[in-house]
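Any read-out appearing in this document is the output of simple, stated calculations on the displayed coordinates, not a laboratory observation. All values reported here derive from a predicted model rather than from experimental measurement. All Cβ positions, even for glycine, are placed from backbone atoms using ideal geometry, and neighbour counts span all protein chains on display.
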Amino acid sequence: MNDSSIPLYSLYGQIDTAAELRFLHLESLESRNRVYDWFIRPHRHHDLYQLIWVEKGCGTVMLDEQRLTLRAPVLISIPPPIVHGFQWRPGTEGLILTVAEGFVADLALWSGDPAVGALLDRLLTVAGAVDPDSIERLGRLFETILDEYVHDRVCRGTAISGSVLRLFAEVARLRHLSLCEAVPADPGGKALYRRFKELVETHFRDRWSVADYASALATTERSLRRLCLGLASQAPGRIVARRVLLEAKRSLLYTEKTVAEVGYDLGFEDPAYFTRFFARNEGETPAAFRRLRRRATAA
């Protein structure tokens, strides 16, 4: 499959842009697939994590180099940037949960459980011979999230976050049991890419250059750039910038630090340079971002 032929979607049919910090979307499998005649062509996401729960029906699933025929019950955990596509049989029923990668990381960090964190960058497919109790728990959790998602109740966000974290725990258990797990070999250097992302998490505040990351990975800048463009359609510098931008948004939204303090925390010695960096990547200044988002939340 040629990388240039693989579209990047925020959701199916929408060209990928950076996901909102707390983005979460839940919809029925039927509602999305019926629009596309039950065929979703192979695509991938920059920064969206998906959990697909198929309660009834069957179909063919494309996951990177794999082509699998699966019959319900099916659970598929898809981290970015796995290429995935679907050809479900008409009438197949289930739910599709899409969560911003940053939101997923926040929940994993809050849980403090390494088993939850470990599942976030691993493809997992569970189908068919699943423990009945696990099936029942998965079904209940998806239904609970759906109920909260469609009703605007007090503490809605808290209830959804808690249920999603419980769902991650159930997925982590299934991963631990390795039931029908289908993890592909490492074509195209995915292990090296994961190591790069881990280094970014560790050093994004240190203002490392691409050369620093390449040296730590014992590779060249050219090879790292080719790897990142192939797997994420982004240069390594852009991936680092997006991570810095995500942390900046978190601080601007959820702390009372000044813009200058946020910049200092992220390794910017000059507040004006941090403001230019933020505006260049987000399209607005840090102060405008904070003001507009908080106004929208208060409305």
- If you build the Cα gyration tensor of segment 190-298 and take the root of 5 times each eigenvalue, what three semi-axes come out, in whole angstrom, biggest first? 29, 14, 12
- Message: Give the lysines reachable from Lys249 as a straight Cα distance under 18 Å; neighbours fewer than 8 places away on the same chain don't count.
- Response: Lys257
- Message: Per 0.36 nm of contour for each residue apart, how much would the distance between Lys56 and Asp270 grow if the chain were fully extended, relative to their Cα-Cα spacing?
- Response: 71.4 nm
- Query: For labels at Gln87 and Asp206 in the simple 7 Å Cα→Cβ model, what's the distance in nm?
  - Reply: 4.7 nm
- Item | Pairwise FRET efficiency - Arg293 versus Arg67, Cβ, R0 = 41 Å, nearest 0.05 | 0.45
- Note on the structure: Here the residues of segment 256-286 lying in the modelled label zone of Leu199, meaning backbone nitrogen under 20 Å from a point 7 Å along Cα-to-Cβ, are 267
- Query: Between Arg173 and Thr258, what is the spin-label point distance in nm, taking each point 7 Å from the Cα along the Cα→C-beta axis?
  - Reply: 5.0 nm
